[in-house]
Amino acid sequence: MSREAIYAALFAKVSAIPGIKTSSRRMRHFSDVLGQEQPALFQEQSPETVTRPGNDLPRKLYLNAHLWIYAKTDDHTSSPAPMLNALIDAVEDALDEGSDPMTGNQTLGGLVSHCVISGKIETDDGWLDSQAIARIPVEILVP
C-alpha cells in the first residue's frame, strides 16, 4: 500500500475533468486564484482513520481527502451556482467512471477497495460576490 500512489491516482482522475483550468494538490485560497484560472480544483489530504474490528481481524484504513472547487463568473447579473453544480456532478461522474464491473466500486485502478464521496458536500453558491466554492469529502478504503 502506498499512500502517495493512492492520492496521486485520485488526483489524476478528478483533475482530468473537462473544463477545469487549474488543478493542484497544493491548496490555494480562492482569493489567490484569479478569475481566468477558474474553474479550479484542489485536492487536500485529510485525517486518516484506522479501525480494528477485533483483535484477530485486520485493521481497516480509511484515507480521506477533500476536493475543493472554485467557480467564478465576471457577470454580476448571473449566479456561478449552475457552473458549480455541473462541476460537482462531473466529480461524481469521474469517480463512477471506470468502476470495478464486479463490485461497482471505484478502486483507483485496483489500489483501494473503494473511493467514494462520503459526507456533507459544503457549498457557497457565490450569490454575494460571484465566487462559488464547494468542498467535497472523499473516503478511500485501503484493503
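Below, the figures for the structure above:
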| quantity | calculated |
| --- | --- |
| Every residue from the range 69-82 that is among the hydrophobic types (A, V, I, L, M, F, W, C) and either crowded, with 19+ Cβ neighbours inside 10 Å or without any contact (Cβ under 8 Å) to a residue 12 or more places away in the chain (or both) | ILE69, ALA71 |
| ILE140 assigned to a strand (DSSP E or B), within 18 Å of the chain's Cα centre (by Cα) and of a type outside the set (D, E, K, R) | yes |
| Test: residue in the range 21-28 that is surrounded by 12 or more Cβ atoms within 10 Å (Cβ to Cβ), farther than 16 Å from ILE136 by Cα and in contact with a helix residue (DSSP H, G or I) (Cβ under 9 Å, 6 or more places away or on another chain) | yes |
| Matching residues in the range 54-97 - criterion: being polar (S, T, N, Q), over 20 Å from SER113 (Cα atoms) and touching a strand residue (DSSP E or B) at 6+ places or on another chain (Cβ under 9 Å) | THR73, SER79, ASN85 |
| Scan of the range 106-143 for residues that are in contact (Cβ under 8 Å) with a residue 40 or more places away in the chain and within 13 Å of ASN64 (Cβ to Cβ), ordered by number | VAL112, CYS115, ARG135, ILE136, PRO137, VAL138, GLU139, ILE140, LEU141, VAL142 |
| Residue, modelled with the lowest pLDDT, within the range 78-133, restricted to residues that are among the β-branched types (Val, Ile, Thr) and part of a loop (DSSP other than H, G, I, E, B) | THR103 |
| Of residues in the range 41-65 being in contact (Cβ under 8 Å) with a residue 12 or more places away in the chain and either loosely packed, with under 10 Cβ neighbours inside 10 Å or of a type in the set (A, V, I, L, M) (or both), the one nearest to GLY126 (Cα to Cα) | LEU41 |
| Residue match in the range 33-40 (condition: of a type in the set (A, V, I, L, M, F, W, C), touching a residue at least 24 places away in the same chain (Cβ under 8 Å) and out of contact with any strand residue (DSSP E or B) (no Cβ under 6 Å at 6 or more places or on another chain)) | no |
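The values are calculated or read from the model by the stated rules, or taken from the named source; none is laboratory data. It should be emphasised that the depicted structure is a prediction, and the values quoted were computed from it without experimental measurement. All Cβ positions, even for glycine, are placed from backbone atoms using ideal geometry, and neighbour counts span all protein chains on display.
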